[in-house]
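Asks: Sharing a structure with you now.
The values are calculated or read from the model by the stated rules, or taken from the named source; none is laboratory data. Since the model is a prediction, treat every value here as computed from it, not as a measurement. Glycine also receives a Cβ, built like all others from the backbone with ideal geometry; neighbour counts cover every protein chain displayed. Side chains are part of the model used for accessible areas, which takes the heavy atoms of the whole protein and leaves out ligands, DNA and RNA. Shrake-Rupley method; radii C 1.70, N 1.55, O 1.52, S 1.80 Å.
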Amino acid sequence: MSAQHHASHIYAQDLPKTPANFAPITPLSFIERTAQVYPQRTAIVHGALRQTWAQTYARCRQLASALQRRGIGLGDTVAVMLPNTPPMVEAHFGIPMAGAVLNTLNTRLDPEAIAFMLDHGEAKVVIVDPEFSGVMAQALALRQRTEPVLVIDTEDALFTGKGGPIGSLTYEALVAEGDADFAWQLPEDEWDAISLNYTSGTTGNPKGVVYHHRGAATNAISNILEWDMPKHATYLWTLPMFHCNGWCFPWTMALIAGTSVCLRRIDPSVIFWLIKTHHITHMCGAPIVYNMLISTPPKLREGLNHTVNGLIAGAAPPVAVIEGCEAAGINLTHVYGLTEIYGPAAVCVKHAEWDALDVGERARLNARQGMNYHLQRGIAVMNPETMQPVPADGETMGEIMFRGNITMKGYLKNPKATEEAFRGGWFHTGDLAVMYPDGYVKIKDRSKDIIISGGENISSIEVEDVLYRHPAVMAAAVVAKPDEKWGETPCAFIELKAGAQVTAEDIVAHCRAHLAGFKIPRAVVFGELPKTSTGKIQKFELRKQAGSATAINV
């Protein structure tokens, strides 16, 4: 026995793990402390609403208590279809305080996709905003499971559109049922599930990504470390909270006793007004959000006299975006991640000496995906077959892989996909990249079938499946077409059946009947598709053509 092994054995003796020296790590403890230390600080701003941390904590405990009284407990799924409103913030604490798992639904999806998620996640409760009540009503009608679902309707004075209650109970009535002094418990194990997020994936139905309490807490802490966030930051919710639990920022804001300024939808005039009115210090978003902000008339920015820190994820920020954001008073930090790693778990760490470089060189350096978060164990670029790291030469391509606490538990009810994703003891992202000598990672190509449009993942196979349903289509392939506004949009290449007559507008109308709006092809090209000798469509050839394809109005 080695000396090291012997020492390990000695220290394992008579040193028990007890509640006195060990507690499960969970972001739920963040709000408990903040409500005690900073009870009167503002937690949430929404229109005329100003809600303190003491009030928010009490309401979260009431929500948890009410859910438990209605039979919701450990491992039960509570789905929410909400914009960035106060109930969405409260859901991130109240639902897991009841022992349940929070499933935030993408508000842009169609009823069929929502119905699948409700069934697959076995949701027992659904909390829905009036803006999405119509879609949710359709989704509930399409469910295959027969177990009843309790539907809770939220109300919002800032919502002025159509939509009414579809359930028998309002959110406020549910909260009122609960006990503000509810004695919620820490999870028995920090490995317990805290949330469920669905990812588009490349094939078939979306996969359910399961987060654990430890990962949620460690990523929430990492957000502070990577961004040098101070106490009491004021955060504007330009990022949907349904995206990877808002990159864990609901929990981050509780940790720093900050203020969340809610935002129902992206509107540059409203955003600049909120930034100036509430002295917004931090915000997150996809490139399209920042593109919209810097494309607005300069008059909207008048009176903005402080720097706003912005996290940008998705496509690397181009020179024009960096220049435009600097002119608008927004200091960008580039992060990278996927649903499976709690949103961003890598950051392009900036160095002071970069400030002296011209904007083109800064853009080149900032375009890299960078390094792992502080509390993510590691990032690597490896040959996925040999699981050996590629040379750090900035040229040799491999697959980006992550390992550590900021990595999902796995895919719900999908052990095969989970095993494949974690092959070799690393999470396989499917993104191809190079490693630079300084240890920074840069993506060179994405997983072939994914199109990222306005921050949303679109499966080309899903769109192709719809195209194949058209009676005139013989063969179809969908690839990404570069787009100034959205980053990428779907471009459909279609080979028609002999003698068939169909227009691009016909194809778009067909897709509109089966797909969410952002998934509809923005360009349709007819002709014989290039194929290999075995009949496989050569998508790499189509990608070369997609850039010059004529866009059509959708």
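Asks: How much accessible area per residue does the chain have, in Å², with a 1.4 Å probe?
Replies: On a per-residue basis, the chain sits at 43 Å².
Asks: Can you give the relative contact order of the chain as a percent, counting alpha carbon pairs under 8 Å and 6+ residues apart?
Replies: Working: 1137 pairs, mean separation 59.4, N = 554.
Relative contact order comes out at 11 percent.
Asks: Let me ask you something else. On alpha-carbon atoms, Rg over Rh for the range 253-412 using Kirkwood Rh? All intermediate terms of the calculation are to be shown ahead of the outcome.
Replies: Working: Rg = 17.8 Å, Rh = 17.6 Å.
Looking at the range 253-412, the ratio lands at 1.01.
Asks: OK, next. Take the alpha-carbon positions of the range 56-130, form their convex hull, and give its projected area averaged over all directions (one quarter of the hull surface) in nm². Walk me through the intermediate numbers first.
Replies: Numbers: hull surface 18.8 nm².
About 4.7 nm², averaged over all directions.
Asks: Anything in the chain that counts as a DSSP H helix reaching 18 Å or more along its axis (C-alpha) with Kyte-Doolittle mean of at least -1.0? List them, would you?
Replies: What comes out of the filter, once short or polar helices are dropped, is 53-69, 213-227.
Asks: Sequence-distant or interchain residues sharing an amide H contact under 5 Å with residue 178, placed H: which?
Replies: Hits under the 5 Å cutoff: 66.
Asks: At 222 nm, what helix-only mean residue ellipticity would the chain give, in deg cm²/dmol to the nearest 500, using -39500 (n - 2.57) for each DSSP H run of four or more?
Replies: It comes out at -9000 deg cm²/dmol, rounded to the nearest 500.
Asks: Collect residues whose amide H, placed 1.01 Å from N in the peptide plane, falls under 5 Å from the amide H of residue 127; neighbours closer than 5 in sequence don't count.
Replies: 79, 80, 81, 152
Asks: Taking square-rooted eigenvalues a ≥ b ≥ c of the alpha carbon gyration tensor, is the range 453-554 rounded, prolate or oblate, where a/c under 1.5 means rounded and, failing that, a/b exceeding b/c means prolate?
Replies: Oblate, because a/c is 1.5 or more while a/b does not exceed b/c.
Asks: So if I average 1/r over every pair of distinct C-alpha atoms in the range 1-146 and take the inverse, what Kirkwood radius in Å does that give? It would help to have the intermediate numbers written out before the result.
Replies: Working: mean 1/r = 0.0556 Å⁻¹.
So the Kirkwood estimate lands at 18.0 Å.
Asks: Straight-line reach from residue 17: which aspartates and glutamates have a Cα under 20 Å away, not including same-chain ones fewer than 8 places off?
Replies: Partners found: 188, 189, 190, 192.
Asks: Right, next: For the range 144-217, what class follows from the C-alpha gyration tensor (a ≥ b ≥ c being the square roots of its eigenvalues): rounded when a/c is under 1.5, otherwise prolate if a/b is larger than b/c, else oblate?
Replies: On the way: a/c = 1.96, a/b = 1.16, b/c = 1.68.
Because a/c hits 1.5 or more and a/b fails to exceed b/c, the range 144-217 counts as oblate.
Asks: Now, a different point. I'd like the carbon and sulfur percentage of the solvent accessible area for the chain, probe radius 1.4 Å, heavy atoms only, ligands and nucleic acids excluded.
Replies: 53
Asks: Give me D for the chain in µm² s⁻¹, whole number, from Stokes-Einstein with Rh from the Kirkwood sum over alpha-carbon pairs, 20 °C and 1.002 mPa s.
Replies: Diffusion coefficient, whole number: 86 µm²/s.
Asks: For the range 70-100 and the range 400-426, compute the distance between their C-alpha centroids and round to whole Å.
Replies: Here the two parts' Cα centres lie 25 Å apart.
Asks: Assigning unit charges at the beta carbon (Lys, Arg +1; Asp, Glu -1) and nothing else, what dipole magnitude in debye, to the nearest 20, does the range 395-554 show about its Cα centre?
Replies: Dipole about the Cα centre, nearest 20: 280 debye.
Asks: Given 124/207; 207/531; 409/519, which pairs have Cα atoms separated by over 27 Å?
Replies: As for pairs spanning more than 27 Å Cα to Cα, those are 207/531; 409/519.
Asks: Scattering from the C-alpha atoms of the range 322-397 alone, worked out with Debye: what is log10 I(q)/I(0) at q = 0.11, 0.16 1/Å?
Replies: -0.38, -0.74
Asks: So what does the Cα-only Debye profile of the range 61-202 read at q = 0.17 Å⁻¹, as log10 I(q)/I(0), no solvent term?
Replies: Those come out to -0.91, one per q.
Asks: Given axes a ≥ b ≥ c from the Cα gyration tensor, I'd like to know whether the range 381-471 is rounded (a/c under 1.5), prolate (a/b larger than b/c) or oblate. Before the final figure, lay out the partial values.
Replies: Working: a/c = 2.31, a/b = 1.47, b/c = 1.57.
In terms of gyration-tensor shape, oblate.
Asks: For residue 231, which lysines qualify as cross-link partners when the Cα separation must be under 27 Å and same-chain residues fewer than eight apart are set aside?
Replies: 276, 350
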